[in-house]
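Notes follow the structure.
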Amino acid sequence: MPYATTPDGVKLSYQVRGHGQPLVLLQGQANEHRWWDSVRDDFDAAYTTITLDWRGTGASDKPDEPYTTRGFAADVVSVLDDAGVERAHVYGTSMGGRVAQWLAADHPGRVGALVLGCTSPGGAHGVERGNEVRRSLAQRDRAAAERALLELMYTPAWLAEHPGPYHTTGDPGMPAHARRRHLAASAEHDAWDALPRITAPTLVVHGTDDVFNPAANAPLIAERIPGAELRLIEGARHAYFEEFRHVASPMVLEFLARHPLS
């Protein structure tokens with residue numbers, strides 16, 4: 001397993017699979033690269049997929065210091081440098097979509113086509129989850145809180161047929177300080193002013209029934225990025241890419257095929 005070292009000395013574990021033009025896959029808050037396990041094969045046939053464990057997760061270092069989505073974007077650049085990749089397509093979901101916004105705005109030469117899934121611009125312009133959702137996740141009954149999170153990610157019908165294990169509900173090996181740092185990084189994200197600077201061809205994807213990261217954020221992002229396309233997946237919740245992979249993966253692959261790296 002290769003490791004990249006960031007300018008501040010943090011070692012980041014990353015994984016490379018597949019064949020073809022490079023495609024970076026960026027997962028959600030407090031998750032490691034296994035977020036993509038269930039759908040990665042969809043992309044490996046056509047692309048060289050690159051994933052990483054965020055600082056604080058998986059096999060990467062876990063320093064107890066402030067994390068930011070903009071800093072995570074710089075970490076992705078360190079991984080690309082170590083892998084010898086000058087330019088790659090980028091597909092970010094949830095907090096990974098927040099990171100991808102900064103990656104495309106701050107490092108435009110490193111990004112080919114950009115896909116932003118189930119994410120938010122953050123700040124005063126982002127649409128926050130409702131208080132009912134917050135209360136469901138803050139229950140003292142840990143099992144009830146975990147069930148609430150699963151039902152924000154997937155529909156009850158899908159959960160009934162797929163008993164797990166699930167790789168989208170957080171890295172169980174994360175230390176508490178890293179979980180707090182991830183939460184703060186995602187909550188403090190605000191790329192609103194940077195979005196118009198994104199020049200990469202952009203696809204914005206969201207499930208219509210996502211209340212964990214409300215679907216109302218999708219048109220805000222799409223209208224803010226010049227030329228961005230918007231696709232909504234009917235009935236999908238936050239983990240649209242997994243439960244609705246039969247719709248989402250072909251949609252993303254078709255978009256990437258229309259915007260090959262030059």
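The values are calculated or read from the model by the stated rules, or taken from the named source; none is laboratory data. Everything numeric here is computed off the predicted structure, so don't read it as measured data. Using ideal geometry, Cβ is built from the backbone for each residue, glycine included, and neighbour counts are taken over all protein chains shown. Just so you know, the surface numbers come from the protein's heavy atoms only, side chains and all, with ligands and any DNA or RNA stripped out. Shrake-Rupley method; radii C 1.70, N 1.55, O 1.52, S 1.80 Å.
Looking at the stretch 153-262, the helices (runs of 4 or more DSSP H) lying wholly inside it that each contain 3 or more residues that are modelled with pLDDT of 95 or more, within 19 Å of residue 111 (Cβ to Cβ) and not small (Gly, Ala, Ser) sit at 245-258.
Tell me, yes or no, whether the stretch 116-123 has at least one residue that is over 19 Å from residue 236 (Cα atoms), in contact (Cβ under 8 Å) with a residue 12 or more places away in the chain and assigned to a strand (DSSP E or B). So far as the stretch 116-123 goes, yes, one or more of its residues are over 19 Å from residue 236 (Cα atoms), in contact (Cβ under 8 Å) with a residue 12 or more places away in the chain and assigned to a strand (DSSP E or B). Filtered by the rule that a residue be of a type in the set (S, T, N, Q) and surrounded by fewer than 22 Cβ atoms within 10 Å (Cβ to Cβ), the stretch 187-205 gives a lone residue, 199.
Return yes when residue 4 is farther than 30 Å from residue 211 by Cβ, of a type in the set (A, V, I, L, M, F, W, C) and surrounded by fewer than 18 Cβ atoms within 10 Å (Cβ to Cβ) and no when it is not. Judged against the criteria, residue 4 is not a match.
Taking residue 41, is it over 21 Å from residue 187 (Cα atoms), open to solvent by 40 Å² or more (accessible area, probe 1.4 Å), assigned to a loop (DSSP other than H, G, I, E, B) and out of contact with any Asp or Glu (no Cβ under 9 Å at 6 or more places or on another chain)? Against the criterion (over 21 Å from residue 187 (Cα atoms), open to solvent by 40 Å² or more (accessible area, probe 1.4 Å), assigned to a loop (DSSP other than H, G, I, E, B) and out of contact with any Asp or Glu (no Cβ under 9 Å at 6 or more places or on another chain)), residue 41 does not qualify.
Within the stretch 1-38, the only residue that satisfies the criterion of being in contact with a Pro (Cβ under 7 Å, 6 or more places away or on another chain) and part of a loop (DSSP other than H, G, I, E, B) is 10. Of 140, 98, all but one fail to be modelled with pLDDT under 95, among the basic types (Lys, Arg) and at negative phi; the exception is 140. Quick one: would you say residue 71 is over 25 Å from residue 250 (Cα atoms) and without any contact (Cβ under 8 Å) to a residue 24 or more places away in the chain? Answer is no for this residue.
Restricting the stretch 50-81 to residues that are among the acidic types (Asp, Glu) and part of a helix (DSSP H, G or I) leaves a set whose member that is least open to solvent (accessible area, probe 1.4 Å) is 75.
The residues of the stretch 131-170 that are of a type in the set (D, E, K, R) and more than 21 Å from residue 214 (Cβ to Cβ), listed by number, are 140, 141, 142, 146, 161.
Could you check the stretch 83-105 and list, in sequence order, the residues that are within 23 Å of residue 174 (Cβ to Cβ) and either open to solvent by 10 Å² or more (accessible area, probe 1.4 Å) or among the acidic types (Asp, Glu) (or both)? Within the stretch 83-105, 94, 98, 102 meet the criteria. Restricting 219, 196 to residues that are out of contact with any helix residue (DSSP H, G or I) (no Cβ under 7 Å at 6 or more places or on another chain) and without any contact (Cβ under 8 Å) to a residue 40 or more places away in the chain narrows the list to 219.
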